[in-house]
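Taking it in order: structure first as structure tokens, then the write-up.
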Amino acid sequence: MKNPFYRILSYLCIGTFFLYWAGIFILAMPSNHAKKIIISRAPRFRNIFGTTWRLFTPPSTFNDRLYFIVRDITRPDKTDTIEVLENISLQKQHNAPFNQRENIIDHLVNNNVLNVKLTIWSNKKKPAEGLSETKDSLYISNAIAAFTYNKNYNAYLSTLKNYAIIVLKQRQIDTTDKELKIVITEKKTRPFNQMSNTNLLSKETLVFETPFKPFGQ
Amino acid sequence: MIQQQIKYYWHRLQLENYKCFYLAFLRVAISCWLLKEVCINWGSMDLLYGHSGFVVSKNNFINRLPTGGFLLVKNYYLWFMATYIAVIFLNMAGTGRWFTALLLFALQCALQKMNSSFVNGGDALAKLILFYLIFANSYQYFVLCKQKNRDNDKRKFQNLLSNLAALSIMLQLCIAYFSSGLAKIMEPVWWHGEATYYALSMERYIGTPFNKYIVQQRWLDYASNYGTLLFELLFPLLIWIKKMRKPLLVAGILFHVCIYIFLMIYGFEVIFVLTYGLFLPNRKMQDFGQKMKSYFWRNKTGVATGLY
């Protein structure tokens, strides 16, 4: 190149190329010191370019269950319990490969369920993974109290509440003078070494539950 | 010696746009894929971006818009989609070139922020490819108006940028596989060969009624588990060796077809496979394109012709 403008521009491009790929490579690797520096100093770079590619790492050894439990404020003994995730999955399977609408709902609901779980259990191993020192339901209520003012947590929970209203409307369940409790559990998949044992009952573990709260609160 | 090597590569990078044909094809293919995504989501647009949506969005730049953030998006998302579709068509036709590519990347980023709960790996890779295509000269083929002759230095500079962009897309694919493979080997469930059993058993991903029979075959569980690990870890290393390229690309296509069918992960797989063409020589891709064009032209008019 004879033109000094293009020559300098070319050097700049090559330099940027190497810097960019060094950054991407560091972000793609498992936890390391350089990665922490990039994340803290250049969060935008990480948000836009540092995508993590971790599908099925690890695959879940359980299926999530999301229960909406609705009860009358005046007659607390009268409750309706609706589980939604299994139903979404079944519809998705039934309509495959033309299941984009089910796929969308599956993504929207499951992502928020996952985020609620990640937020609540961020400080402790889930009961499915290890022994817990505190009673799980006590830990959950303490964790919920700790995250009451967390914006992201509130966004996830409000999303699930909004979805509960849609589901109840579809099932023609009136929400006036009613209160809602959201429960998330994990239902274990049959272990690999017992895959043919049809008598084995899948264990369901509680991972999240809210207290009953009136709709609109 | 090293100086000579650097000079050699420096010269080579400027000499020619080595992937000009496939970069142009990729621009059109990505545009078609984005259009397809819009079409299949069209019935659920209001659920995703409008007033029927139930997702409470996380704090991001849309919230900080001066005129009402997400409420503004919900009210006017159809205008946004109309602009997005128009820009996709412009990009497909190569009109506006780098400016259109940049605009499409910005719109794609905004669209993903409008409902981040619905973003998957395919969307993430598509966004990165759109970013790299901003720098690539993908306008030598499949454009409405051909580019005029440019001065030599400008052409050399554009060749350099194009080659770096093509290399970036290839590196991105390798990084995606390698980091995924690396994360997998650190998980005991992958290490013990049980991971595909659990993946194929997850209710959300049971793509066919055969999944429950397939997972009962232990040898198949082990083969698919370790096969996935080997493929993801070796692809980024061996794809640069000429002799290994074809078998690896065939294995990759099979790998993604299996995920597509058995795990119901659709858009994601198409985007990954689309980038494979960059690993093949430009000449071969051009010849293939020429053959396809002559074939279709002959079927249409009864006359075979050499085009381009």
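Provide a whole-number value for the mean count of partner chain Cβ atoms within 10 Å of the Cβ atoms in peptide B:34-45.
Working: counts 0, 0, 0, 1, 0, 1, 5, 4, 1, 3, 7, 0.
Partner Cβ neighbours, averaged per residue: 2.
All Cα-Cα distances of the range A:66-217, cut into 10 Å bins from zero to the largest, leave 10, 34, 36, 18, 2 percent in each bin in turn. Taken one residue at a time, the phi angles of the range A:101-117 give Karplus couplings (6.51, -1.76, 1.60, θ = phi - 60°) of 5, 5, 4, 5, 4, 4, 5, 4, 6, 4, 4, 6, 4, 4, 5, 4, 4 Hz. Gly and Pro are set to x.
Just the number please: accessible area per residue for the protein assembly as shown, 1.4 Å probe, all protein chains included, in Å². Spell out each step's value before the answer.
Working: 27640 Å² over 525 residues.
Averaged over the residues of the protein assembly as shown, the accessible area is 53 Å².
With N set to the number of residues, divide the alpha-carbon radius of gyration of the range B:17-143 by 2.2 N^0.38 Å and report two decimals. Walk me through the numbers before you get to the answer.
Values: Rg = 15.3 Å, N = 127, 2.2 N^0.38 = 13.9 Å.
Normalised by 2.2 N^0.38 Å, the Cα Rg of the range B:17-143 equals 1.10.
Around the Cα centre of chain B, unit charges on the Cβ atoms of Lys, Arg, Asp and Glu (plus for the first two, minus for the last two) sum to a dipole of about 1260 debye.
On a 1.4 Å probe surface of the protein chains, which of B:R150, B:R204 comes out largest in accessible area, and what is the full order? Each step should come with its number before you reach the end.
Values: B:R150 70, B:R204 45 Å².
Result, largest first: B:R150, B:R204.
In order along the range B:248-259, the phi-based Karplus estimate (6.51 cos²θ - 1.76 cosθ + 1.60, θ = phi - 60°) of 3J(HN,Hα) comes to 5, 5, 5, 4, x, 5, 4, 4, 6, 5, 4, 4 Hz; Gly and Pro are listed as x. What number comes out for the charge environment of A:Y20, summing +1 per Lys or Arg and -1 per Asp or Glu over other residues with Cβ under 14 Å away? Taking every Cβ under 14 Å from that of A:Y20, the sum is +2. Once backbone amide H atoms are built at 1.01 Å from N, A:F62 has A:T189 as its partners under 5 Å, excluding neighbours fewer than 5 places away on the same chain.
Measure up B:K243/B:K284; A:K161/B:K74; A:K2/B:K284; A:K117/A:K213 against 24 Å on the Cα-Cα distance and list the ones that go over.
Details: B:K243/B:K284 15 Å; A:K161/B:K74 19 Å; A:K2/B:K284 33 Å; A:K117/A:K213 19 Å.
Flagged as over cut-off: A:K2/B:K284.
Here the range A:130-197 is treated as a Stokes sphere of Kirkwood radius computed over C-alpha pairs; at 10 °C and 1.306 mPa s its diffusion coefficient rounds to 103 µm²/s. For chain B, the square roots a ≥ b ≥ c of the C-alpha gyration tensor eigenvalues yield an a/c of 1.5 or more together with a/b not exceeding b/c, which makes the shape oblate. Considering helices alone, the calculated mean residue ellipticity of chain A at 222 nm is -15500 deg cm²/dmol, with DSSP H runs of length four and up weighted by -39500 (n - 2.57) and normalised per residue. Scanning residues 5 or more positions from A:K178 or on other chains, those with amide H under 5 Å from its amide H are A:I73, A:F215, with H placed 1.01 Å from N in the peptide plane.
Take the solvent-accessible surface of the protein heavy atoms, probe 1.4 Å, and return the percent of it on the range B:186-307 that carbon and sulfur atoms account for.
Numbers: 4850 of 6780 Å².
About 71 percent, which is the carbon plus sulfur part of the accessible surface.
Dividing the summed helix terms, -39500 (n - 2.57) for each DSSP H run of n ≥ 4, by the number of residues in chain B produces a 222 nm estimate of -23500 deg cm²/dmol to the nearest 500.
Extent along the principal axes, Cα only, for the range A:4-50: 41, 17, 14 Å, with the longest axis given first. Interface area, chains B and A: about 6400 Å² of buried accessible surface, summed, with a 1.4 Å probe and ligands, DNA and RNA left out. Applied to the range B:89-99, the Karplus parametrisation 6.51 cos²θ - 1.76 cosθ + 1.60 on θ = phi - 60° returns per-residue 3J(HN,Hα) values of 5, 4, 5, 4, 7, x, 7, x, 6, 4, 5 Hz, with x for Gly and Pro. Quick check: the angle from helix A:151-170's long axis to the longest principal axis of chain A, C-alpha only, nearest 10 degrees? Taking Cα atoms only, the helix is inclined about 50 degrees.
Counting Cβ atoms of other protein chains within 10 Å of each residue's Cβ and taking the mean over peptide B:168-179 gives 4.
In whole percent, and with a 1.4 Å probe on the protein chains, what portion of the accessible area of the range B:22-126 is carbon and sulfur? Carbon and sulfur: 71 percent of the exposed surface of the range B:22-126.
Partner shielding of A:28-38 amounts to 2, given as the average count of beta-carbon atoms from other chains within 10 Å of each residue beta-carbon.
Rg/Rh for the protein assembly as shown (Cα atoms only, Rh after Kirkwood) is 1.00. Using the average count of surrounding beta-carbon atoms within 10 Å as a protection proxy, the listed peptides B:109-118, B:173-182 rank, highest first, as B:173-182, B:109-118.
The values are calculated or read from the model by the stated rules, or taken from the named source; none is laboratory data. What you see is a predicted model, and the numbers here were worked out from it, not measured in a lab. Please note: Cβ atoms are built from the backbone with ideal geometry, for glycine as well, and neighbour counts cover all protein chains shown. In case anyone asks, the SASA skips ligands and DNA or RNA and just uses the protein heavy atoms, side chains included. Shrake-Rupley method; radii C 1.70, N 1.55, O 1.52, S 1.80 Å.
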